[in-house]
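A short write-up of the structure that comes next.
The values are calculated or read from the model by the stated rules, or taken from the named source; none is laboratory data. For clarity, every value in this text was computed on a predicted model and none was experimentally measured. Here the Cβ is made from the backbone with ideal geometry for all residues, glycine too, and neighbour counts use every protein chain on show. For accessibility, only protein heavy atoms count, side chains too; no ligands or nucleic acids. Shrake-Rupley method; radii C 1.70, N 1.55, O 1.52, S 1.80 Å.
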Amino acid sequence: MKRFLLILAGLVVAASLTVVFGIYFAVMPKLPSVDNLKEIQFQVPLRIYTRDHKLLAEFGEKRRAPLDYDEIPDRLIKAVLAAEDDRFFEHPGVDWRGLLRAAVYLARTGEKGQGGSTITMQVARNFFLSREKTYLRKLNEIFLALKIEDELSKQEIITLYLNKIYFGHRAYGVAAAARVYYGLPVEQLSTAQIAMIAGLPKAPSTFNPVVNPSRALTRRGYVLGRMRLLDFISEAEYQVAMNTPDDAKLHGLSQEVVAPYVAEMVRSEMVSRYGDNAYSRGFRVITSIDSAMQLAANVAQREALLAYDSRHGYRGPLAQVELSEEDTEEQWAEELKPYREINGLLPVLVLSVEGQSARVYEPRRGIVPINWAGLSWAAPALPGGRTGKVPEQAADILARGDVIRIAERGKKDEWHLVQVPTVAGALVSISPHDGAIRALVGGFNFSASKFNRITQAERQPGSSFKPFIYSAGLEKGFTLASLINDAPVVFEDRGLEATWRPENYSGRVFGPTRLREALVKSRNLVSIRLLRATGISYAINYVSRFGFDKSDLPRDLSLALGSGAVTPLEIVTGYAVFANNGLHVTPWFIERIEDPDGEVLYQAAPATVCRSCETTDAERAAQMTFIGPPRRGEQIPVNIAPRVATAQNVYLMRSMMRDVIQRGTARRAQVLQRSDLAGKTGTTNDQHDAWFSGFSSDLVTTVWVGFDRPQPLGDRETGGRAALPMWIDYMREALKELPLRPLERPSGLVTVRIDPTSGLLAPAGHPQAIFETFRVENVPAALDEEAMLPYRRGGARQAPYSDSAADEVPEELF
């Protein structure tokens, strides 16, 4: 009998081994290759950075930041092992004890239960298998775990696990979990925080510290108890961690620079290059954006639009709620939940109004005061951009229970009543050396409107287009002293299909006017006559060199007043030619694309200004003049920006546009106290658009203000009033680190004294002579003796216009 039992036992063992090996050899060939794990590419989001490596945006379904084994704290590894698989470094990938417990549970209850799933088995399941609970899947999982252990080290397996596993709230991997729940890198987590994170993989929803804090604390206590039992932490550490309150909360993207319109431009470009892989392959995109300049642009655009909005009155509260004396802060906060912060404009609840001040509640700051300085602007808004009676008391504006918005303006903790502007505005700033976009703001509220007004809004540029027409005129033989009559004119223009009676902004006329004065004072009638004399076809061909599409430019005289539809990006590109002495650069915003390992997949190589390497093309060299000697240490770029305007033409244009700031429509910009600035205001018909484009030798910036659905901006809301302050505020900060560089004068020019009335060369002793610069071949003839007679008799010849900024208000100064 004993022998029979031994034989029977042997047969059972043999049969079992036969079955096991049969299953093994049947299943193993069908298992996936472990080699895939060695080259695994985790789904890592697209991350976008400024040129100084500050995070600008992140796109992707999964938040993940893969770590190497030596980057993961040892205590975090031990915490996970304590929670999930404390014998991980001892078993061969399958914990037979755990499997036996699971088998006993099945035999006793008849139900499949938890148990025996090691970290290696979880790696097998997460990377290769489904999560369904079937015997076949479990067998595959066991054999695959054995295969993984045979081909990968324990360190490689635990690293895969800690980078792959899901922790809730889109966080995959321990690094993402640390950022999402505690806003910290893994190396800065406390023992209590480590235990909380280590307890999440078992049930990320059930044990979530944000959604279910009580159950999460229970799970944390279990993990800490396991760590103490396994001697991973001391008794003192255990007690401290157990008594530490949990401070988990959702931490958003640790965004360092706010530039949503730039981020969207990059995202769109990356998707066009890589499709949906752009969101998951861990690309790093370094942009041309300068973080300090972008911050300055954000602030300048916001303040300019808020200032415009306040000039046109208060439109009333967002809502009115009933408040009782017994209400608590929790109830106040509940009333504010439907409203979110927009571009720094905080929703608040008015608690009391007294005299010329009010007290309001903001959930993060508590009760804050608004003094009269922050309220006095709020006259009621009336139709047509007008305002009603000026308020005298806070009660004329606010009432208890009003839901309004406030913002800090000027000094810290100086709160002002504000409202989300209905007007739109945009700013773009580029380097004239290579076209790199340094700052871009495409709108006030990206969440409400993703329409990028820098790249997508085609608007009439108004008078800001005049410099291109004047440049064409200079190339056709006109000079800065050429006289053109500023007088009423009527055109029967076929292109306009009607009789056209253009006017100056003021409605006044000033008679014969030198070209310099006409641009400085933004005279419309002079510009129209200049274009007619230059020739529309010639002007369009010439202007297209600056980057404008000929098909977008009207083939009629309204072109002189900027009636064509262009984007702010096109305008700033054109002005870059004036800033860099006549060379065309193309705007760009992606400097470099890297893969997760840091390998460079794309490197920008833009056409770049090079003073010492002008083109050698014979025909172009005959037309364009070399502009100077090589600079010491200058590196010759791979791509050289082509010359599109002569150095002499650009010098003369900059001289005129410098006067626009010194004594013309943009003289408010003198507050910057820089002599190297030049630019031009722009206001379109019926004041639908307000512009200013200006530059130094190192930075070109265009700003625009207008309504998305064109309508008048209101009385006196010209480029000099609505747009120029935005440019000034931005350039004040952006130019801080850029040296003042005087305009270098090229050869081929000469400065002489002229008669201001006729524009002719002044003889010696002319009492009212002024200096003007000409091309050598364009120096005017001398003033004849008869014209000098009034001066020789001791009188003063009366000019039909004034050169004095004090005598005449420029056309667009208001």
**Study point:** Candidate set: the range 224-260, residues that are without any contact (Cβ under 8 Å) to a residue 24 or more places away in the chain and of a type in the set (S, T, N, Q); chosen: the one surrounded by the most Cβ atoms within 10 Å (Cβ to Cβ)
**Key:** Q239
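Residues checked against (1) crowded, with 24+ Cβ neighbours inside 10 Å; (2) of a type in the set (V, I, T); (3) assigned to a strand (DSSP E or B):
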{"site": "T665", "(1), (2), (3)": "yes, yes, no"}
{"site": "S675", "(1), (2), (3)": "no, no, no"}
{"site": "F692", "(1), (2), (3)": "yes, no, yes"}
{"site": "W704", "(1), (2), (3)": "yes, no, yes"}
Review point. Which residues, counting only those in the range 43-99, are β-branched (V, I, T) and part of a loop (DSSP other than H, G, I, E, B)?
Key: T50, I72, V94
Study note, to complete from the structure: Taking the range 712-727 and keeping residues open to solvent by less than 10 Å² (accessible area, probe 1.4 Å) and part of a helix (DSSP H, G or I) leaves G719, G720, A722, A723, L724, M726, W727
Point to revise | Selection within the range 421-440 - touching a Leu at 6+ places or on another chain (Cβ under 6 Å) and open to solvent by 10 Å² or more (accessible area, probe 1.4 Å) | key: P421
Review point. Quick check: is even one residue across the range 558-575 touching a helix residue (DSSP H, G or I) at 6+ places or on another chain (Cβ under 6 Å), under 30 Å from N639 (Cα atoms), open to solvent by 10 Å² or more (accessible area, probe 1.4 Å) and not aliphatic (A, V, I, L, M)?
Key: no
Revision key, fill the gap. Looking across the range 195-222 at residues that are open to solvent by 70 Å² or more (accessible area, probe 1.4 Å) and either β-branched (V, I, T) or under 36 Å from the mean Cα position of the chain (by Cα) (or both), the single one that is farthest from K249 (Cα to Cα) is T218
Practice item. Hey, could you check the range 348-363 for residues that are over 34 Å from the mean Cα position of the chain (by Cα) and of a type in the set (D, E, K, R) and say which is surrounded by the most Cβ atoms within 10 Å (Cβ to Cβ)? Key: R359
Revision key, fill the gap. Among G60, G93, the single one that is among the small types (G, A, S), modelled with pLDDT of 60 or more, under 19 Å from Y161 (Cβ atoms) and crowded, with 18+ Cβ neighbours inside 10 Å is G93
Review point. Is it the case that the range 523-539 has a residue that's at pLDDT 95 or above, assigned to a loop (DSSP other than H, G, I, E, B), over 25 Å from D686 (Cβ atoms) and open to solvent by 50 Å² or more (accessible area, probe 1.4 Å)?
Key: no
Revision key, fill the gap. In the set K450, K466, the lone residue that is among the charged types (D, E, K, R) and open to solvent by 20 Å² or more (accessible area, probe 1.4 Å) is K450
Review point. Within the bounds of the range 502-512, is there any residue that is over 21 Å from E717 (Cβ atoms), buried (at least 24 other Cβ atoms within 10 Å of the Cβ) and modelled with pLDDT of 90 or more?
Key: no
Review point. Would you call A263 modelled with pLDDT of 95 or more, among the small types (G, A, S), within 18 Å of E61 (Cβ to Cβ) and open to solvent by less than 10 Å² (accessible area, probe 1.4 Å)?
Key: yes
Revision key, fill the gap. Requiring at least 1 residues that are of a type in the set (S, T, Y) and without any contact (Cβ under 8 Å) to a residue 24 or more places away in the chain, the strands (runs of 3 or more DSSP E) wholly within the range 443-518 are 498-500
Exercise for review: Among the candidates G344, G313, G385, G366, single out the residue that is under 30 Å from V257 (Cβ atoms), in contact (Cβ under 8 Å) with a residue 60 or more places away in the chain and surrounded by fewer than 20 Cβ atoms within 10 Å (Cβ to Cβ).
Suggested key: G344
Revision key, fill the gap. Checked the range 388-405 for anything surrounded by fewer than 22 Cβ atoms within 10 Å (Cβ to Cβ) and among the hydrophobic types (A, V, I, L, M, F, W, C); matches are V390, A395, A399, V403
**Study point:** Lone qualifier among S612, S551, S563 - being free of Cβ contacts under 8 Å to residues at least 12 places away in the same chain and among the hydroxyl-bearing types (S, T, Y)
**Key:** S551
